[in-house]
Amino acid sequence: MKTSNIIASAVAAAIGLSVSAGPVLAADKAEKCYGVVKAGKNDCGTSKHSCAGVSKVDNAPDEWVFMPKGLCDKIVGGSTTAKEPAKEGK
């Protein structure tokens, strides 16, 4: 009886991990989309920082997130190339 409980727990854990990982985009089917990222949701660094999840403002023109190819061009403000952020005080 204990062995079947252990096996059932292991199977449940494996299924839970596979579901929680979510879909992953293949490199050839994804592209960087700039200017549409919410604060703290960026995928990687810029010239100002080197970490994911540290963007300070929504829709910063130099922050990006991976998206399926072709989707970025359909989003208002989305661009597949980085733009310089506005200078403070202007």
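Things to note:
- Among the residues of the range 75-87, the one identified as under 16 Å from Thr46 (Cα atoms), of a type in the set (Gly, Ala, Ser) and at pLDDT 90 or above is Ser79.
- Any hit, the range 55-74, residues being assigned to a loop (DSSP other than H, G, I, E, B), at positive phi, surrounded by 15 or more Cβ atoms within 10 Å (Cβ to Cβ) and modelled with pLDDT of 85 or more: yes
The values are calculated or read from the model by the stated rules, or taken from the named source; none is laboratory data. All values derive from a computational prediction rather than experimental measurement. Every residue, glycine as well, gets a Cβ built from its backbone with ideal geometry; the counts of neighbours run over all protein chains shown.
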